[in-house]
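Read-outs: derived from the displayed coordinates by stated rules, not from any lab. From a predicted model like this one, the values you see are computed outputs, not experimental measurements. As a convention, Cβ positions derive from the backbone with ideal geometry for all residues, glycine included, and neighbour counts pool all protein chains shown.
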């Protein structure tokens, strides 16, 4: 998993609450478990005017020009600013896969659905929770200033605004450590590889009949 330490990126304001995982990546795209290739279908029903299916060439599909991620000012956005309860609905890990494959590395909202929130940390995406007042200020700033970028410092748990103001955010120490060091569940297990091998060796000696060919 890619490490997340210090990051600067363009912010796109998605001014909706209760965005569910079926809106993030519709159900017809869940057949693959490859983790990659989902970016073109992110927010599929909102980004395009036709119905999307797996394997479609999205380069020629009709775009919904009113959708924020299709607008010229937000091309290349890597930080998504949104409203309450982002990622609600079914617990599909394809939702953070699609966001990451599109290029989104951080999400900022007043709240997230619990399972989606947990899945973000396992896929190198930083979900940042800020108070409603600070979220409202960011929406005002972003919409008034095309090209608005934020600098995120995970080590200090801070956001630096273009005008110099610093916003702080809370994060669980364990999740912070995982992101800083690029550790998903497999990576965490591999950190204990020597203990695992030692246990397996000991068990072979204690109960050899379990390991008989």
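A few remarks follow.
- DSSP beta bridges confined to the chain are antiparallel in about 50 percent of cases.
- C-alpha center-to-center spacing [the stretch 130-170, the stretch 54-119] in angstrom: 19 Å
- Peptide ranges 162-171, 198-207 listed from the most packed, as the mean C-beta count within 10 angstrom indicates: 162-171, 198-207
- Antiparallel bridge percentage (DSSP; both residues within the stretch 15-134; nearest 5): 10 percent
- Sorted peptide list for 33-42, 16-25, criterion being average Cβ within 10 angstrom, highest first: 16-25, 33-42
- Computed per residue of the chain from DSSP H runs no shorter than four, each worth -39500 (n - 2.57), the mean residue ellipticity at 222 nm is -8500 deg cm²/dmol.
- Cα shape, the stretch 12-86, gyration tensor, a/c 1.5 rule: oblate
- Contour minus Cα-Cα distance for residue 145 and residue 15 (0.36 nm per residue): 45.3 nm
- Theoretical FRET efficiency, 1/(1+(r/R0)^6), r = Cβ-Cβ of residue 213 and residue 53, R0 41 Å, to 0.05: 0.30
- Based on Cα contacts under 8 Å between residues 6+ apart, the stretch 1-134 shows a relative contact order of 31 percent.
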